[in-house]
Amino acid sequence: MNGKNPTKKGLYARLAADNIRKNSQLYIPYLITCCLTAAMLYIITSLSRNKGLIGMQGDYALLEILRVGSIITRIFAFIFLFYTNSFISKKRKKEFGLLNILGMEKRHIARVLFMETLYSAVISLVLGFGFGILLDKLLFMLLRKMLGGSVKLGFYISRYSLAVTAIFMLITFLLIFLNSLRQMHFAQPAELMRGSQVGEKEPKAKWLMALLGAVLLGIGYYISIVTKSPLKAISLFFIAVLCVIIGTYLLFTSGSIAVLKILKSKKSYYYKTKNFTTVSGLMYRMKQNAVGMANICILSTMVLVMVSTTTCLMAGMEDIIKTRYPYDFMVSYGTAKSIDIEKVLKENGVNVTRSQSYTSLEFAAFCKGGRVYAETSANSSASIDDVYELAVLSTEEYGKLVGEDISLADGEILFYSSEKGLDFDSLDLCGKEVTVKERLKSFPNEKTYNITQKMGVVVSGEDEVQRLNEYQQGVYGENASFIQNIYNFDVEGGGDESVKHLLEVCLAGSGRYMMIDVKYSAYDSFISLYGGLFFLGTFLGILFVMETVLIIYYKQISEGYDDKKRFEIMQNVGMSRAEVKRSIHSQIVKVFFLPLLTAGLHTAFSFPLIRRLMLMMNMNNAKLFALCLLACFLAFAVLYALVYSLTARTYYKIVSK
């Protein structure tokens, strides 16, 4: 190379610096992303170990959420950096092929690559740590303020977080470098020179793969729509997600080509100037960019679901607490004799403003084919969808709650179910045929716990309650439930620790079971839990948006270089510059916004399943969740369109050169 020894000291460092400068259009966005990734890794790791969060109400749950978040961030950061670097490697192949042909051996190119990787690592860590340390304190103060804690001044640097982040980033850059070496080692100079132009043959339609993608996507949607039980939703959620992810990749890579092949086979449609160029161009675009588009779609869906659910939980905090704690104090205890709690409270100067008192029996039961029965899970042939929490009240107890005189004949019941479709006229209630006299629209405290589906029955008298109690004890043995005395009440000002202590003393000898749920003490725990989830959802949402933007940017650049030659060919065969630009613009818009529309479709179909999961977190406000989902989609669509307008300029500059 110009008579100079390629091993001359400093040559590789200068070449690497020149390469980064000359390819600034590729490297600057990549380096900015690496810096932000290092900063985010430092911040989430530092917050998960920050002692300033210890001692707050619900600190254990919050710190666990942040620790899980730090693991998730590392996983996606690794995939993210590896994937985005592949765009740079793809565009640099021709450059390395030219250097190889001019006489630079692959080992010399490897040294240049090493120096480029080293520069990238140093810049990313130095700037990333500087930005991360500055932002860490701000986010810590915001997190404490959001959770109701006092904000302490002071500067804090986590050496542990610096070390962990540095090790992670260096290992990632090392693996990226080794992967680049692997690609270069097995490639021939002519193959490197062709670079990204390899594989310009018309893609073949893979009908079986397209069909499989449609089937998997249909399975994921079906699971979301038909799953009723929140418990089953947990077990099927990841299966549904996996089906949708695989189905998305297959449909983008194979299904899109199959659809375009069908359009091409329709001569009346295909052989028109506008349609001919659009379909042909889209076919090559989908072949080259299908995986990137699928990645954008999946990341967009993750952003929408994550941000909308955590925002909904935070926005609906008051609603959640009211659902979970309809009273200031909720007391349940197991004893054959009822205790006059209200009398004890009045004797100690506690003013009860509202109260509810009743006795009930609750146990797990299956409902299948008009039959309600108890059975151990080991012997059950029913599915989780058939599991209900059965609450039993006598007519006397139910009458006290609704303020009416209720009368039922032996063998008659009032029936309630949280799920639609159980419209029985009669059923087998734990071995006894009963007639449903009336279907109830609500049942006492049916929304307090949402882990399982609810079923309530009002039976003719205490004898029937005892029959059902003996029945479930015979089935469940030591794990059986028992008849509970329940007393729920509100006090002036919401109550304090003295009221709770008074209840504990009052119920000290109540028997084998006692539970006191207190609204005021649970409030801080809920704030910490859902506030932590909101923070993590927003944090990861920013990471995924950043990744999406970078993939979109590199996709536009890749298509710009690929379309530059195609642009010239289309003009050479007789199309005007305006026609060519209009045709390519039409293709770009379709390809660009297809992932967004598909992400919107995925999000819409995920609504039923995610709502079931949110029921377990006491979020029963479907309207609020739908509004949060819609608002997040509209906001993301605006951001997506803005990114398109900015990256489209870069694309047209490349094509027009």
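A cut-off of 5 Å between modelled amide H atoms, ignoring neighbours fewer than 5 places along the same chain, links R371 with D428. Computed packing ranks the peptides 423-429, 591-597 as 591-597, 423-429, most packed first, by mean other Cβ atoms within 10 Å. Alpha-carbon geometry of the range 336-510: the Rg and the Dmax are 17.8, 54 Å, given in that order. The protection proxy used here, the mean number of other Cβ atoms lying within 10 Å of each residue, ranks peptides 412-418, 400-406 as follows, highest first: 412-418, 400-406.
Values quoted throughout were computed directly from the atomic coordinates according to the rules given, and no laboratory measurement underlies them. Quantities reported herein were computed from a predicted structural model and do not represent experimental measurements. Backbone-built Cβ (ideal geometry, glycine too); neighbour counts: all protein chains shown.
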